[in-house]
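Participant: Below is the structure I would like to discuss, written out as structure tokens.
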Amino acid sequence: MMEEKIMVLRQDGTGHARLIQSAVKGQPTAIDIDQSVRHSWSRCLGNYSLDPLKTKQPIVVERVDLQARRERLGTMLQIARIEMLGLARQMQHSEFGIMLTDADGVILCYTGDPAFADTARRSGFREGAVWSERELGTNGMGTCLMMRRSIIIHRSEHFLLQNTALTCTAAPIFDMQGKLLAALDISGSSSEPQMHTLALVEIAAKNIENRAVLEAARGYHALRFHPFPEFVSTPGEGVIAFDEAGLIVGCNRAALDLLNYREHGELCGENIGSVLETSLGTLMQLASRPGMRPEPIAAHLGHLRLFGVVQAPASDFGANRPSGSPVLTLRNTDPTPSRDPVVASNHHVARRVMNRDISILLLGETGTGKGFFAKSIHAASERADKPFVSVNCAAIPELLIESELFGYKPGAFTGAARQGHSGRILQANGGTLFLDEIGDMPLSLQARLLTVIEDREVMPLGGSKPVPVDIRIISATHCDLIEMTSRGQFRDDLYYRLNGITLTMPPLRKRQDLPEMVQALIKLEAGDRSIRIGDALMQRLLRCSWPGNLRQLRNVIRNLLALSETDELSLTDFDERWLLGASAPAEARIEAHAVTRLNHEADADDEDDDDVLADAERAALLRTLEACRWNVSEAAVRLHVSRKTLYRKMHRHGLIRHGQRLDSLQGAEGDPPHAGAGLTPS
Ligand SMILES: Nc1ncnc2c1ncn2[C@@H]1O[C@H](COP(=O)(O)OP(=O)(O)OP(=O)(O)O)[C@@H](O)[C@H]1O
């Protein structure tokens, strides 16, 4: 059978196919081929029926599938992203791509040297691409996952000829029960197999695994140990998680190595007292000791002496978490994590990167709190006493973005203010520049923005000397920037610059902490009043799908507080029409029908030629804007159009609130000023 498969290989004289044939047959080969590579090649021929000479584009999973896969990895993915950034910095100026795949070989995130971007694109290294061994033959990521161990696949060790210019080094990542979760890979076009890259990948993978294990073990006692006390809390430490009865629920691979076990299954399910020569009682006592000083622990391995610390379960974990917990802030030194894992992980990551020179990209539907979160990060960071400047790229007419952002010198163009304009970037100097709706930044200006980020200087329009600038950039969008880059609508080099770390704000309907958010917003909006919420009303709010997310919820709560005459908000204070677009009854949709045209036009740019309809549209717009106190985001949600469309409509109908200036169309849009200490969970 295998013979037949080998014969199927095209005999077109390429050395690569011949090399594979000989190696699989066990014949001598011109170059030394590692046994694991020979086995992988056999699988490629025998099991997957791949042809080494046939060009194969990687399959790319659907966007929703990719997102679901990312969500499945949860906190581990966030931890991995940070680790990948660290790796990228260590490998600066060498041409490489760093990738994390899930257990199926789907690339979940990619970062890399811009000089490698072309090769990466050509090779099919992109988020969503499937690099399993079954799909693309012997390769770093796929074969590492197949073999469940780290591996270097150097050039012609790749099965497909198309990949033989690459060198790929990958290491696996496991969860605390030993389930294979992911592979971390560094790929480049180096002509030498790089052992130091292997060491880097292995350390990074271990770091990710250890931190993810500790995170997953938060509900349990966690013993962190090593034969040398100074190695406790380093990537080499062993971690064992156990419950109150001493039952081991998980561990990391270092624990297996240190205690001489081969597999997680041998340790998990055992009693910790039978694994170590230390009683559960002693370990529990260690858990109650303050500080992290490792204490001696006896193990069953003869003379092996270990040192360890025991972390008690986090008091706020799961069901034990007290209800009505304090409002979460990024600034808080001892924060209570949100019950929603995505929100908790966003906070965790944000805290870790907020004082580092890492750009943050916030993704999420409208109203999920991207702007609010950006302000919270700024307020909690070392830049808090410097400006936070928000620019809404969708709200500024395209022609004005350049001068608004970069500023201009006096007389730079006809109509320029006599004294010139410093521009939003310079106004943010020392602080944070928040680029909201970055997906709407015109392509022509993306290159200029990239130059500012890279060179850290701004050249105002009409100026001759660049001005140095120190800004941290947080950007936000509801667009799929990756998709936009593949369509050439967004520069990929800018995308990689902005996307130091990506945090996705979950929609309210998916948040597991909705009751807490309701309570927190009531507290925030009620000020000094002590307000309760009735059960029936809470149940009604929990059933809602909240298409306008936190913005909609906050408005509903404001309305409830305004109408309520007692200290308890009840279902009778509630008006179903506030849920327009959520689960509102028919009459509540009447207003929506008046603006149906808006929905149908969506982003199209048609000119109105029907005056009657145009008047009706104008009136509907005005009514909605007034009802929303000219909060454009809120009005856009109510009208079910994008903010960009709404701004354009307002512009077309000349709808600008009396006294409103361009600046006021940017940023806060009627949100109350940011009150650092009073933030609620984003
Ligand atoms: N954690 C929070 N605590 C209290 N209020 C919040 C929180 N997050 C968001 N909000 C409120 O929800 C509303 C929407 O938030 P924000 O404007 O930040 O959302 P967004 O995702 O930036 O929306 P858009 O994409 O439309 O700009 C605002 O009124 C904001 O003050």
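The values are calculated or read from the model by the stated rules, or taken from the named source; none is laboratory data. Everything numeric in this text was worked out from a predicted model, so none of it was measured. In this analysis, Cβ positions are derived from the backbone assuming ideal geometry, glycine residues included, and neighbour counts consider all displayed protein chains. Note: areas computed on protein heavy atoms with side chains; ligands, DNA, RNA excluded. Shrake-Rupley method; radii C 1.70, N 1.55, O 1.52, S 1.80 Å.
Participant: Out of residues 5 or more away from LEU569 or on other chains, whose amide H comes under 5 Å of its own, with H placed 1.01 Å from N in the peptide plane?
Facilitator: Placed amide hydrogens put ARG532, ILE533, GLY534 under 5 Å from LEU569.
Participant: Give the long-range amide H neighbours of THR29: residues separated by 5 or more places, or on another chain, with amide H under 5 Å away, using H modelled in the peptide plane at 1.01 Å from N.
Facilitator: Here the answer is none, since no amide H 5 or more places off falls under 5 Å of that of THR29.
Participant: Can you give the percent of C-alpha pairs in segment 341-508 whose distance is more than 22 Å?
Facilitator: That fraction is 42 percent.
Participant: Calculate the spin-label point distance for ILE59 paired with SER464, positioning each point 7 Å from the Cα along the beta-carbon direction, and give it in nanometres.
Facilitator: Output for this residue pair reads 6.2 nm.
Participant: Could you sort 119-127, 434-442, 245-253, 525-533 so that the peptide with the highest average Cβ count within 10 Å comes first and the rest follow in order?
Facilitator: Highest mean packing first, the order is 434-442, 245-253, 119-127, 525-533.
Participant: To continue, here is another question. If I take R0 = 60 Å and measure r between the Cβ atoms of LEU304 and ASN559 in this structure, what FRET efficiency does the formula 1/(1 + (r/R0)^6) give, to the nearest 0.05?
Facilitator: Efficiency, from the Cβ-Cβ distance: 0.35.
Participant: Still on this structure, I have one more. Could you give each residue of segment 559-564 its phi-based ³J(HN,Hα) in whole Hz, using Karplus coefficients 6.51, -1.76, 1.60 with θ = phi - 60°, and x for Gly or Pro?
Facilitator: 3J(HN,Hα) across segment 559-564, in whole Hz: 4, 4, 5, 5, 8, 6.
Participant: Mind checking the full-extension length gain between ASP118 and ARG89? Use 0.36 nm per residue of separation minus the Cα-Cα distance, one decimal, nm.
Facilitator: Contour length minus the Cα-Cα distance gives 8.5 nm.
Participant: Where Lys and Arg each count +1 and Asp and Glu each count -1, what net charge lies around THR169 among other residues with Cβ under 13 Å from its Cβ?
Facilitator: Surrounding charge for THR169 is -2.
Participant: So if I place +1 on the C-beta of Lys and Arg and -1 on the C-beta of Asp and Glu, and nothing else carries charge, what would the dipole magnitude of segment 515-579 be about its Cα centre? I want it in debye, nearest 20.
Facilitator: Dipole magnitude for segment 515-579 comes out near 300 debye.
Participant: With θ set to phi - 60° and the Karplus curve 6.51 cos²θ - 1.76 cosθ + 1.60, what are the ³J(HN,Hα) couplings of segment 34-45 in order, to the nearest whole Hz, using x for Gly and Pro?
Facilitator: For segment 34-45, the Karplus-derived couplings read 4, 4, 5, 6, 4, 5, 5, 4, 4, 4, 4, 7 Hz, x marking Gly and Pro.
Participant: Roughly what would the spin-label model give for GLN27 and MET147, points 7 Å off Cα along C-beta, in nm?
Facilitator: My value for the distance between the label points is 2.4 nm.
Participant: Might you tell me the accessible area per residue for segment 32-124, computed with a 1.4 Å probe and given in Å²?
Facilitator: Per-residue accessible area for segment 32-124 comes out at 45 Å².
Participant: Moving on to the next point. State the extension gain, in nm to one decimal, for the chain segment bounded by LEU622 and HIS196, taking 0.36 nm per residue of separation less the distance between their alpha-carbons.
Facilitator: Difference between extended and current length: 147.0 nm.
Participant: Something else about it: Mind listing which GluC sites (Glu not before Pro) in segment 196-264 are in a DSSP loop and have 10 or fewer other Cβ atoms within 10 Å?
Facilitator: In loop regions of segment 196-264 (DSSP not H, G, I, E or B), the sparsely surrounded GluC sites (Glu not before Pro) are GLU244, GLU263.
Participant: Excluding residues fewer than 8 places away in the same chain, name every one of the lysines whose C-alpha is closer than 26 Å to that of LYS523.
Facilitator: LYS370, LYS375, LYS510
Participant: Residues with amide H under 5 Å of THR234's amide H, sequence separation 5 or more or different chain, H placed in the peptide plane at 1.01 Å from N; which?
Facilitator: none
Participant: Another question, then. Which part of segment 66-83 falls in the paramagnetic zone of ARG134, meaning amide N under 20 Å from the point 7 Å along Cα-to-beta-carbon?
Facilitator: 66-70, 72-73
Participant: Between MET284 and ASP535, what is the label-point separation in nm under the 7 Å Cα-to-beta-carbon projection?
Facilitator: 3.6 nm
Participant: By per-residue mean of other Cβ atoms within 10 Å, what is the highest-first order of 619-631, 52-64?
Facilitator: Packing order, densest peptide first, comes out as 619-631, 52-64.
Participant: I would also like to ask the following. Tell me, what is the per residue accessible area of segment 220-318 in Å², probe radius 1.4 Å?
Facilitator: With the other protein chains kept in place, segment 220-318 gives 49 Å² per residue.
Participant: Tell me, what HN-Hα J-couplings in whole Hz come from the Karplus equation 6.51 cos²θ - 1.76 cosθ + 1.60 at θ = phi - 60° for each residue of segment 530-540, using x for Gly and Pro?
Facilitator: Taking θ as phi minus 60°, the curve returns 9, 10, 10, 10, x, 4, 4, 5, 4, 4, 4 Hz for segment 530-540.
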